[in-house]
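Heads up: the structure comes next, in structure tokens.
The values are calculated or read from the model by the stated rules, or taken from the named source; none is laboratory data. Quick caveat: nothing in here was measured; it's all calculated off a predicted structure. Neighbour counts are summed over all protein chains in view; Cβ atoms, including those assigned to glycine, are modelled from backbone coordinates with ideal geometry. Note: accessible area is taken over every heavy atom of the protein model, side chains too, but ligands, DNA and RNA are not part of it. Shrake-Rupley method; radii C 1.70, N 1.55, O 1.52, S 1.80 Å.
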Amino acid sequence: MPKIDIHGLTIEKCRQGLMNKEFSALEVAKIFLERIAKDDEQIFSYLTLTPELALGQAKAVDRLIAQGRQIPRLAGVPCAIKDNILLKDARCTAGSKILENYSASYDATVVEKLKKEGAVILGKTNLDEFAMGSSTENSSFGVTRNPRDLERVAGGSSGGSAAAVAGGMAIYSLGSDTGGSIRLPAAFCGVAGLKPTYGAVSRYGLIAFASSLDQIGPMAKTVDDVQTVFEIIAGQDRMDSTSVETPKIENSRLAGGQAKLKIENLRIGVPSEYFVKGGDPEVAKQVKIALEKYEKLGAKIVEVSLPNTEYALAAYYIISPAEASANLARFDGVKYGYSQKAENLADAYLNTRGRGFGKEVQRRIMLGTYVLSAGYYDAYYIRAQKVRTLIRNDFNNAFKTADVLMSPVSPSLPFKIGEKIKDPLSMYLVDLYTVSVNLAGFPALSLPIGEAKGLPVGLQIIGKEFEENKIFKIAKLYESN
Ligand code: GLN
């Protein structure tokens with residue numbers, strides 16, 4: 001076996017190594033699978049491994065290379081997929097007992113796109129049940145540990161996808177983000193992660209949590225890798241009517257998209273509401289240091305206000321459970337997965353859902369059906385939708401004076417396993433700075449900017465709709481300095 005520096009391996013380095021015949025795709029896949037076998041018992045980033053698929057995909061890439069043919073953009077690069085995204089013929093659990101034995105009958109559009117580009121898929125990663133949570137502790141199958149500190153959570157809900165990359169068990173991964181689930185675990189594990197603009201990436205084949213908020217996005221060690229994967233998975237899909245054409249994104253590199261960004265013209269908006277008192281001062285300090293760095297590079301820092309931030313969590317925890325309660329109605333013991341027999345139909349539903357769903361999912365279904373019930377619909381659901389519009393207006397106003405916004409990803413550092421799980425409200429607070437972005441539909445990147453108390457800190461860079469490329473350029477400026 002050739003010596004490969006797993007932690008230093010990026011998509012581009014992996015491709016180069018393959019083309020220069022420093023190693024074969026099969027060797028790379030085997031090294032990653034061995035590493036998973038060795039380390040993942042402790043970290044638990046994967047729920048299901050797909051070694052046969054991975055080795056087969058790797059061999060196909062090696063055949064192309066042996067024939068002297070061009071290899072596609074992700075050829076031979078090992079990756080991981082969050083287990084709420086369908087991979088044909090593999091188990092897809094969404095972290096729930098209710099889907100423990102469900103096997104996907106088709107590929108999600110994003111998976112299809114990765115496969116076309118030569119991806120080597122190692123397996124499916126752990127998550128909070130139906131992506132509801134911020135720590136991956138709500139998974140029915142066990143908690144994912146943070147590779148940077150095994151006593152702490154990896155963040156959630158895409159904790160497995162973040163830990164797989166941070167732990168050197170995948171070069172990149174896919175997650176999903178409804179209220180922060182890509183950005184938070186990326187920040188907690190010290191990797192980069194993008195929540196794309198709503199509609200930029202097809203949701204076809206993503207097990208829905210809250211359809212008006214959900215987006216699939218990439219996680220990787222470098223911004224460049226995040227960008228590569230994003231460009232591949234983005235674009236309109238006739239299987240998802242909310243997806244749209246994204247010409248600015250798809251042609252960025254071709255059409256000179258990498259042209260120099262004029263840092264002197266860059267205005268970075270800092271929302272004053274995104275540095276709350278209860279937040280960890282060490283996090284705020286690291287973010288301020290990063291902002292100073294941008295200022296030194298020539299950017300202008302301007303203070304902006306997002307005055308409706310105080311209502312964001314409330315609106316999010318009305319809208320997302322409302323949509324979840326409708327989306328999860330299909331898991332009734334008749335159509336999919338787990339099923340409990342009973343004397344009559346009502347009991348069959350009750351037993352199936354009562355035993356198949358975990359506590360947090362049950363809580364959200366109750367909350368969701370409550371806010372949608374005839375008597376409370378106007379008081380909660382309609383009002384939350386109005387607040388959503390106000391939050392969107394806040395961002396649009398802020399973007400009048402700023403090109404991008406920057407803030408911490410989360411007010412807190414990665415916390416200890418068990419620390420918040422008994423107190424849902426303190427868990428919800430972890431997403432204070434991320435949920436608004438989903439409510440408004442904008443893109444945001446979580447960029448690793450260093451450490452506080454030996455734990456990773458993430459900077460959130462929020463852009464205007466479909467301006468992912470600007471975010472990437474600005475993030476790369478930080479990386480290269
Ligand atoms: N932590 C948030 C929640 O529990 C966000 C989850 C997500 O983005 N999927 O709903």
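Please label the shape of region 264-346 as rounded, prolate or oblate, based on the square roots a ≥ b ≥ c of the eigenvalues of the alpha-carbon gyration tensor (a/c under 1.5 means rounded; beyond that, a/b larger than b/c means prolate, else oblate). Verdict is prolate for region 264-346.
Note on Lys420: lysines with a C-alpha under 20 Å away, same-chain residues under 8 apart excluded, are Lys277, Lys359, Lys453.
Converting phi to 3J(HN,Hα) with the Karplus coefficients 6.51, -1.76 and 1.60 and the offset θ = phi - 60°, region 401-416 yields 10, 9, 7, 9, 10, 10, 7, x, 6, 9, x, 10, 7, x, 9, 6 Hz in sequence order, with x at every glycine or proline.
Here r is the Cβ-Cβ distance between Asp39 and Lys416 and R0 is 30 Å; the resulting FRET efficiency, rounded to 0.05, is 0.90.
Rounded to the nearest whole Hz, the Karplus-based 3J(HN,Hα) values (6.51 cos²θ - 1.76 cosθ + 1.60, θ = phi - 60°) of region 238-245 follow the sequence 5, 7, 9, 5, 8, 7, 10, 5, with x at glycine and proline.
Binning all Cα-Cα separations of region 398-481 at 5 Å, short to long from zero, yields these whole-percent fractions: 3, 13, 21, 22, 17, 13, 7, 4, 0.
The loop-placed trypsin sites (Lys or Arg not before Pro) in region 332-434, going by DSSP, that have at most 11 neighbouring Cβ atoms within 10 Å of their Cβ come out as Lys335, Lys341, Lys422.
Here, region 362-403 yields an orientationally averaged convex hull projection of 3.8 nm² when only Cα atoms define the hull.
Computed from phi, the 3J(HN,Hα) profile of region 71-81 under the Karplus parametrisation 6.51, -1.76, 1.60 (θ = phi - 60°) reads 10, x, 5, 10, 4, x, 8, x, 9, 10, 10 Hz, with x in place of Gly and Pro. Computed over protein heavy atoms with a 1.4 Å probe, the accessible surface of the chain works out to 39 Å² per residue. Multiplying the residue separation of Arg355 and Arg267 by 0.36 nm and subtracting their alpha-carbon distance yields 26.5 nm. Rounded to whole Å, give me the distance from the Cα center of region 362-416 to that of region 84-113. The distance from the Cα centre of region 362-416 to that of region 84-113 comes to 28 Å. How large is the translational diffusion coefficient of the chain in µm² per second when you combine the Kirkwood radius over alpha carbon pairs with Stokes-Einstein at 25 °C and 0.890 mPa s? Using the Kirkwood radius from Cα pairs, D works out to 110 µm²/s.
Filter the trypsin sites (Lys or Arg not before Pro) in region 1-103 to those in DSSP coil with at most 14 other Cβ atoms within 10 Å of their Cβ, and list the result. Let's see the in-between values first.
Details: sites: Lys3, Lys13, Arg15, Lys21, Lys30, Arg35, Lys38, Lys59, Arg63, Arg69, Arg73, Lys82, Lys88, Arg91, Lys97; in loops: Lys3, Lys21, Arg69, Arg73, Lys88.
Hits after loop and neighbour filter: Lys3, Lys21, Arg69.
The convex hull drawn around the Cα atoms of region 1-123, when projected onto a plane and averaged over every direction, covers 7.7 nm². On region 1-58, 53 percent of the accessible area sits on carbon and sulfur atoms, based on a 1.4 Å probe. Heavy atoms only, probe 1.4 Å: what % of the accessible area of region 136-279 goes to carbon and sulfur, would you let me know? Answer for region 136-279 is 50 percent, counting heavy atoms of protein chains only.
Based on Cα atoms of region 1-47, Rg over Rh with Rh as the Kirkwood radius reads 1.02. Separation of region 53-81 from region 440-480 is 30 Å, based on Cα centroids.
Any of Lys296/Lys470; Lys97/Lys335; Lys285/Lys416; Lys293/Lys476; Lys21/Lys124; Lys82/Lys195 with alpha carbons more than 23 Å apart? Name them for me. Present the calculation step by step, with values, prior to reporting the outcome.
On the way: Lys296/Lys470 19 Å; Lys97/Lys335 15 Å; Lys285/Lys416 21 Å; Lys293/Lys476 13 Å; Lys21/Lys124 29 Å; Lys82/Lys195 14 Å.
Those over the limit are Lys21/Lys124.
Can you pull out the chymotrypsin sites (Phe, Trp or Tyr not before Pro) in region 344-417 whose DSSP state is coil and whose Cβ has at most 15 other Cβ atoms within 10 Å? Filter output for region 344-417: Tyr376. Taking the centroid of alpha carbons for each part, region 150-191 and region 313-348 are 27 Å apart. Working note: Cα gyration tensor of region 177-236, eigenvalues times five, square-rooted, sorted largest first, giving semi-axes of 19, 15, 7 Å. Taking the Cα centre of the chain as reference, the dipole from Cβ charges on Lys and Arg (+1) and Asp and Glu (-1) amounts to some 520 debye.
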